[in-house]
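What follows is a single structure, written as structure tokens, with notes after it.
Every read-out reported here was derived from the displayed coordinates using simple, explicitly stated rules and does not represent laboratory data. From a predicted model like this one, the values you see are computed outputs, not experimental measurements. Glycine also receives a Cβ, built like all others from the backbone with ideal geometry; neighbour counts cover every protein chain displayed.
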Amino acid sequence: MDVLTLARIQFGATIAFHYLYPPLSIGLGVLLVCMEGLWLKTNNPIYHQMARFWTRVFALTFAIGVATGIVMEFEFGTNWATYSRFVGDVFGSALAAEGIFAFFLESGFLAVLLFGWDKVSRKTHFFSTCMVCLGAHFSAVWIVVANSWMQTPAGYHLVMRNGVERAEITDFWQLVFNPSMLDRLFHVLCGAWQAGAFLVVSVSAWYLLKKWYLDFARASLRVGLTAGLIASLLQLISGDISARGVAKNQPAKLAAFEGLYNTESNAPLTLVGYVDERNQRVIGLQWPGMLSWLVAHNTQATVTGLDAFPPQDRPPVAASFIFFHGMVGIGFALIAIAALGFLYFRHGSLPERRWLLWILVFSVLGPQLANQLGWFAAEVGRQPWIVYGLMRTPEGLSKVVQANVILTSLMLFTFIYFLLFAVFIYLLNDKIQHGPDDQDLIPSGKLALPTELIHHPKA
């Protein structure tokens, strides 16, 4: 493989692996605030137990996320030096803000969150939990700002420095609130909330299946299903808003998402299908006029197709189509799973539905897959631009990096990432098997409660 392909594979693999963890940290941060807040409000010790248990899981995801994120910073300089020179003024500002306003805030209060349970007051500890949660969200804000600028550049001008063209900031707030930033931030945060919520749902459903820690599992499942359903419904709204933003700011990307080769009114929405690139058409089940309605709330609205762009400016259609529709399909499945689980839980019969409990156990994979597919769709759909309309991807590559060097480091990173993932799964499984500490609440052990309590979540 050539240098460009290897560099793209390496950066894509690094991003994909790293992005398993920050959404979990962000989502779990919100749930920790909810659990600890419920403890303060009700003084119910079960919420104290929940907060302490999920804090340990949060710490694990935070640690692995930090370790895997550092590598990306180096790859900007080693593999994408020309790109880094071009966007250094922009990215430097966003990443510096992420470090100052997000990482320091999150990591500064993390010690109090982890070790301050018996050393500070309950309100002080709750404040620390809120700050850790806020810091995790600030981190998402600044990373999305940087990435959104690559999608919809704003607040800059181009200058020549030592014979090299680069983008420099002219308006910091235009850069921050670039045309796609708020839409994409809402969409990313909803995905993170789903990731945290469905992790809680998965572990809680597992405990119910095994009949371990039943009071803990029911209370934790109540919080997880509520948060998961709310986040999934918000994700549906954010996805609609984000798609309309893509139609306005990056029409070639939307056309690739839907395999729309020709500009037309009454444009159809593909529900299930695949792209026939040779004949430039989509084969599958389509809903006439629905794409036009989603874009402009008018079934007769004209939607820009790929024919409006030169072939060299078009994204890879088949890959964009698959990634986008995979994300959407999983999103609707998560709404159905969360709603079904919530209804049966409210009815009090969820522990009897072992088939549904198994679905809830594996539902933790849904947000992770959807988040990965969403980022793949966003980045592949931006091609052939590394900065939309300003710099093509091959132009951002380092001029001296060699293919064999990238291949060697790619193999080493892949091996290390597999080890890190194995460590993460081992430690996570150990925490799940161990369950909430006896000292967190009362001696509980892996004891089943009486059958009559299993069927009544409020018992």
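Selection among Leu357, Phe413, Leu28 by position relative to the dipole of the chain gives Leu357 as farthest towards the positive end (Cβ unit charges, Cα centre). Sorted ascending by nearby beta carbons within 10 Å, beginning with the fewest, Leu20, Leu412 become Leu412, Leu20. With all pairs of different C-alpha atoms in the average, the Kirkwood value for the hydrodynamic radius of the stretch 183-400 is 18.8 Å. Over all distinct Cα-Cα pairs of the stretch 1-114, the Kirkwood formula returns a hydrodynamic radius of 16.4 Å. For the stretch 82-159, the set of chymotrypsin sites (Phe, Trp or Tyr not before Pro) satisfying both a DSSP loop assignment and a count of at most 16 other C-beta atoms within 10 Å is given as Trp117. Database remark: amide H of Val303 closer than 5 angstrom to the amide H of Glu264, Ser265, Ala267 (H placed geometrically; neighbours at sequence offset of 5 or more, or on other chains; Pro and chain starts carry no H). Summary of the geometry: the stretch 276-352 and the stretch 24-102, compared by the centres of their Cα atoms, lie 29 Å apart.
Cβ crowding within 10 Å, taken as a proxy for footprinting-reagent exposure, orders Ser349, Ser232 from fewest neighbours to most as Ser349, Ser232. With N as its number of residues, the chain has a Cα radius of gyration that, divided by 2.2 N^0.38 Å, comes to 1.04.
In the chain the longest region clear of trypsin sites (Lys or Arg not before Pro) that are loop-assigned by DSSP and have at most 10 other C-beta atoms within 10 Å covers 120-277.
Sequentially through the stretch 209-226, phi angles give Karplus couplings (6.51, -1.76, 1.60; θ = phi - 60°) of 5, 7, 6, 10, 6, 5, 5, 4, 5, 5, 5, 5, 5, 4, 5, x, 5, 4 Hz, Gly and Pro residues having no value and appearing as x.
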